1. Taking Ser9 and the conditions (1) in contact with a strand residue (DSSP E or B) (Cβ under 6 Å, 6 or more places away or on another chain); (2) in a loop (DSSP other than H, G, I, E, B); (3) more than 23 Å from Asn274 (Cα to Cα); (4) not β-branched (Val, Ile, Thr), which numbered condition does it fall short on, given that it satisfies the others?
2. Considering the range 324-345 alone, what residues qualify as being over 19 Å from Leu383 (Cβ atoms) and under 24 Å from the mean Cα position of the chain (by Cα)?
3. Answer yes if at least one residue in the range 213-230 is open to solvent by 40 Å² or more (accessible area, probe 1.4 Å) and closer than 20 Å to His35 by Cα, and no otherwise.
4. All but one of (1) open to solvent by less than 50 Å² (accessible area, probe 1.4 Å); (2) in contact with a strand residue (DSSP E or B) (Cβ under 6 Å, 6 or more places away or on another chain); (3) outside any helix (DSSP H, G or I); (4) touching a residue at least 40 places away in the same chain (Cβ under 8 Å) hold for Thr268; state the number of the condition that does not hold.
5. Can you pull out every residue in the range 36-73 that is of a type in the set (Lys, Arg), farther than 14 Å from Gly277 by Cβ and assigned to a helix (DSSP H, G or I)?
6. Among the candidates Val468, Val453, single out the residue that is surrounded by 17 or more Cβ atoms within 10 Å (Cβ to Cβ), in contact with a Pro (Cβ under 7 Å, 6 or more places away or on another chain), under 14 Å from Leu378 (Cβ atoms) and not basic (Lys, Arg).
7. Filter the range 151-179 down to the residues that are of a type in the set (A, V, I, L, M, F, W, C), open to solvent by 70 Å² or more (accessible area, probe 1.4 Å) and either touching a Gly at 6+ places or on another chain (Cβ under 8 Å) or not in a helix (DSSP H, G or I) (or both) and list them by number.
8. Name, by its number, the condition in (1) in a helix (DSSP H, G or I); (2) surrounded by 14 or more Cβ atoms within 10 Å (Cβ to Cβ) that does not hold for Phe31.
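The values are calculated or read from the model by the stated rules, or taken from the named source; none is laboratory data. The structure presented is a predicted model; accordingly, all values stated were derived computationally and were not measured. Every residue, glycine as well, gets a Cβ built from its backbone with ideal geometry; the counts of neighbours run over all protein chains shown. What goes into the accessible areas is simple: the full protein's heavy atoms, side chains included, and nothing from ligands, DNA or RNA. Shrake-Rupley method; radii C 1.70, N 1.55, O 1.52, S 1.80 Å.
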Amino acid sequence: MLNLLGVPSSIHNKPSYNRDNMIARIVHLGFGAFHRAHQALFTDRLLNRGKSDWGICEVNIVGGEQLIDDIRKQDHLYTVLEKGATTKEAFIIGSVKESLLATSDGIDTILEKMADPIVEIVSLTVTEKGYCMLPGGSGLDLNNALIKADLANPSKPMSAPGVIVEALYRRMQRGLRSFTALSCDNIPENGLVLKKAILGLANARDTQLASWIEANTTFPCTMVDRIVPAATSETLTEIEHALGGMFDPCGIACEPFIQWVIEDNFVTNRPNWNEVGAEFVDDVVPYEEMKLRMLNGSHSFLAYLGYLAGYKHINDCMNDVNYKKATLHLMLKQQAPTLHVPSHVNLQHYANKLIERFSNPSLKHKTWQIAMDGTQKLPQRLLDSIRWHISHHSDFSLLALGVAGWMRYVGGVDDNNQAIDVRDPMLNELNNLVKSSPDGLERVDALLSLNAVFGTDLPKNALFKQKVSEYYLSLMHKGAKQTINDLII
């Protein structure tokens with residue numbers, strides 16, 4: 001287990017501040033890998049500058065028992081190993097002050113912590129599914145099992161929105177100020193999505209409560225960017241070597257690049273994360289769309305077409321010259337034209353940097369991991385750009401190929417005739433459509449019937465359907481590698 005006394009003197013990146021002076025002004029829901037390598041790291045860097053006492057109370061509502069148990073044993077310290085193409089640097093993170101677990105500490109303890117007036121920010125990384133929204137994000141899904149349970153027993157919530165709403169209810173009842181609800185999930189306009197979820201639940205429970213929340217709580221949008229692959233036993237062994245033989249079960253590895261753009265809209269105070277590299281802005285949307293389309297859209301393109309071809313990792317795809325050319329073309333010719341970015345942003349430079357990041361051989365970011373939850377990712381990563389091109393009568397060939405790649409992927413068999421372990425919130429619907437349609441154009445038609453993914457406009461567009469069908473048949477008969485080779489040549 002990790003402890004500061006045993007950390008080798010060669011590790012210079014460790015807390016230089018008195019951790020006893022930290023105050024847990026932030027409660028974070030969802031103590032996962034990305035948060036450990038991103039928000040908690042920014043908070044640690046600010047503490048190291050000696051100008052902050054902001055600490056974090058980590059909360060896991062569902063699962064995460066082993067992680068919380070492990071981090072408590074090492075005084076809430078853990079390691080982030082930044083891995084460049086040729087360099088590695090370990091950081092001991094000390095910004096976590098305390099932790100709470102619903103299964104052992106009880107949900108009421110968590111709620112009372114969130115109702116404590118010392119707490120000024122409740123942040124969360126619970127993935128898109130954790131917001132319990134209807135498909136397309138049109139509103140809260142009141143038929144979601146967790147939401148129904150929260151409405152039946154609001155003082156014992158089970159969902160992230162339920163926990164936040166009950167904590168805000170307690171603050172309202174006690175005449176306390178609200179907190180800022182800060183989404184750090186990779187969702188378009190994540191603050192607005194969180195606000196819809198919270199107000200949707202509050203209105204269903206008590207319109208007076210909803211009015212109070214709307215008048216007193218802010219929901220800043222954020223754009224988060226750092227490639228953080230899921231930890232593996234190899235990762236933990238690598239971290240153990242970096243720590244001179246000290247094992248850290250909570251350690252995480254990531255790329256050196258890190259970015260955080262935050263809408264400056266906080267109820268009370270906030271940490272000055274901008275002093276350690278974050279950026280506070282009035283409007284996050286241009287940055288968000290840039291990242292979602294150029295980075296995440298390219299990631300999804302590579303995940304489906306790479307996995308089909310047998311490439312296990314993103315950097316494996318980058319070792320194929322045609323995949324690299326296709327990805328750069330996708331970024332600059334088919335995603336970049338759809339964006340409206342601030343004048344200081346250079347999209348050519350951004351694309352080159354993304355190719356460099358994707359090529360990092362140290363990360364081993366699995367195509368299978370990125371391919372998960374495609375029904376929730378396709379609209380903002382690929383389909384919105386396709387709509388732009390249709391309206392502007394411009395080329396969207398590679399975007400259409402990405403959609404066709406997803407269709408082949410959810411068919412459950414790769415180009416080597418190996419079964420694919422498809423993971424998706426709509427897996428039952430996908431499996432039913434795949435089983436009920438012969439492979440080929442009928443399969444394309446079946447999958448296009450998913451209005452929650454494609455809407456009603458794209459399936460009716462003849463050019464879109466023609467392009468996707470053409471590439472689907474090419475993937476079916478030639479495979480992913482040859483299809484991309486033909487496009488590039």
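1. Here Ser9 meets the rest and fails (1).
2. Taking the range 324-345 as the starting set, the residues that turn out to be over 19 Å from Leu383 (Cβ atoms) are 324-325, 328, 332, 341-345.
Lys324, Leu328, Leu332, Val341, Pro342, Val345 - these are the residues of the range 324-345 that are over 19 Å from Leu383 (Cβ atoms) and under 24 Å from the mean Cα position of the chain (by Cα).
3. Step one: list which residues in the range 213-230 are open to solvent by 40 Å² or more (accessible area, probe 1.4 Å), which gives 214-216, 230.
Those still in the list that are closer than 20 Å to His35 by Cα too: 230.
Scanning the range 213-230 turns up at least one residue that is open to solvent by 40 Å² or more (accessible area, probe 1.4 Å) and closer than 20 Å to His35 by Cα.
4. With respect to (1) open to solvent by less than 50 Å² (accessible area, probe 1.4 Å); (2) in contact with a strand residue (DSSP E or B) (Cβ under 6 Å, 6 or more places away or on another chain); (3) outside any helix (DSSP H, G or I); (4) touching a residue at least 40 places away in the same chain (Cβ under 8 Å), Thr268 is out only on (2).
5. Filtering the range 36-73 down to residues of a type in the set (Lys, Arg) leaves 36, 45, 49, 51, 72-73.
Now narrow it down to the ones that are farther than 14 Å from Gly277 by Cβ: 36, 51, 72-73.
Scanning the range 36-73 gives Arg36, Arg72, Lys73.
6. Just one listed residue meets the conditions, Val453.
7. Passing the criteria: only Met158.
8. Evaluating Phe31 over (1) in a helix (DSSP H, G or I); (2) surrounded by 14 or more Cβ atoms within 10 Å (Cβ to Cβ) leaves (1) as the failure.
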